[in-house]
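Structure record follows, encoded as C-alpha cells.
The values are calculated or read from the model by the stated rules, or taken from the named source; none is laboratory data. These figures come from a predicted structure and were not determined experimentally. Quick reminder, even Gly has a Cβ in these numbers, built from the backbone with ideal geometry, and neighbours come from all protein chains shown.
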Amino acid sequence: MSLQQNHVTDLWPTKFYNRHLPEFEEPTRLLIKLVREMDKTHRNLTTDYRDNNLLNLDHPGANWLRQQVNQSVIDYFQSVGIDYAVNWQIHAWANINRRGDYHDAHNHPRSYLSGTYYLKIPRSRKTSGQRPDLRPGHITFYDPRPGINMNSINKDPYVDPEHTVLPNPGDLLMWPAFLNHFVHPNLSDETRISISFNIILKWSDHYLPSQ
C-alpha cells in the first residue's frame with residue numbers, strides 16, 4: 001500500500017454496537033417472567049450459563065429477542081464492511097444481579113461477538129455515604145491496547161482507556177468478544193435482569209482473510 005500525502009488512517013478500530021429495541025415492553029415483560037421462573041430451578045443462572053441456552057426456547061419473548069439479536073449481528077457485519085455470507089449460532093443466558101452482585105473484568109473466549117440485552121434496571125442508584133466515583137449498574141469496556149493512553153493529550157481519542165455505559169431497559173449492546181468488560185455492583189435492593197449472548201461462528205474456509 002502506497003502512503004498518500006496528508007492521509008490519515010484509523011488503525012485497528014473496535015466497533016461498539018448500541019441499539020434501543022423498538023416496541024420492547026411486552027416481549028421484555030414476558031422475558032422477565034421467564035427468567036424469574038428459570039431462577040427457581042437453577043442454582044445461579046449466570047454461572048450456569050453453559051447449561052441453558054435461553055434463545056433455544058420456543059417462547060414468545062425468546063423468539064422476539066432471537067430475531068432482534070440476529071438483525072443486530074447483520075447490522076454489525078454491514079457496518080464493518082463484511083459483505084459475504086456468514087453463518088453463526090447464538091448462545092444466550094440470563095443474569096439476575098441482586099444487591100452487591102457484580103461481574104469481574106472478563107472477555108468471552110471462542111466467540112466472535114458478545115452482547116447483552118437489558119430487561120430490568122434498578123430505578124434507585126443512590127450512593128449516599130459511599131465513594132462518589134461509584135457507578136452502580138453500569139458496564140465498562142476497556143481499551144484492548146494496554147497503556148495506549150499514557151501519552152494522550154486533551155481531545156486525543158485515546159485519552160480515556162475505558163468506555164462506560166448505563167443501560168436502560170430495551171437496550172441491546174454488542175461488541176467484539178475479546179473486549180474486556182466489567183459489570184459494576186448492583187447497590188439497589190431491586191434486581192437487575194439481563195440476557196447475555198455470544199455469537200459463535202459456524203466455520204467456513206471462505207472466512208479466511210487474504211493477507
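Only one residue in ASN70, ASN87 is polar (S, T, N, Q) and free of Cβ contacts under 8 Å to residues at least 40 places away in the same chain. Which one? Break it down stepwise before answering.
Working: ASN87 fails: free of Cβ contacts under 8 Å to residues at least 40 places away in the same chain.
Step by step, each of ASN70, ASN87 is checked, and only ASN70 is polar (S, T, N, Q) and free of Cβ contacts under 8 Å to residues at least 40 places away in the same chain.
In the list ASP143, ASP205, which residue meets the criterion of being more than 11 Å from the chain's Cα centre (by Cα), surrounded by 12 or more Cβ atoms within 10 Å (Cβ to Cβ) and acidic (Asp, Glu)? Break it down stepwise before answering.
On the way: ASP205 fails: surrounded by 12 or more Cβ atoms within 10 Å (Cβ to Cβ).
It is ASP143.
Hey, any hits in region 90-100 for a residue that's over 29 Å from ARG36 (Cα atoms) and not charged (D, E, K, R)?
Keep residues of region 90-100 that are over 29 Å from ARG36 (Cα atoms), which gives none.
Scanning region 90-100, I find no residue that is over 29 Å from ARG36 (Cα atoms) and not charged (D, E, K, R), so the answer is no.
All of ASP10, ASP104, ASP83 fail the test of being more than 30 Å from LEU208 (Cα to Cα) and loosely packed, with under 15 Cβ neighbours inside 10 Å, apart from ASP104. In a residue-by-residue description of region 46-64, the property of being modelled with pLDDT of 95 or more, farther than 22 Å from ILE139 by Cβ and of a type in the set (Phe, Trp, Tyr) applies to at least one position.
Among the residues making up region 26-53, those that are more than 16 Å from LEU172 (Cα to Cα) and of a type in the set (A, V, I, L, M, F, W, C) are LEU30, LEU34, VAL35, MET38, LEU45. Is it fair to say GLN71 is loosely packed, with under 13 Cβ neighbours inside 10 Å, outside any loop (DSSP other than H, G, I, E, B) and under 21 Å from the mean Cα position of the chain (by Cα)? Criteria not met by GLN71. Pairing residues of region 144-171 that are β-branched (Val, Ile, Thr) with residues that are surrounded by 12 or more Cβ atoms within 10 Å (Cβ to Cβ) and assigned to a loop (DSSP other than H, G, I, E, B), at Cβ distances under 8 Å and at least 6 apart in sequence or on separate chains, gives ILE148/TYR158; ILE148/PRO161; ILE153/VAL159; VAL159/ASN149; VAL159/SER152; THR164/ARG135; THR164/HIS138; VAL165/HIS138.
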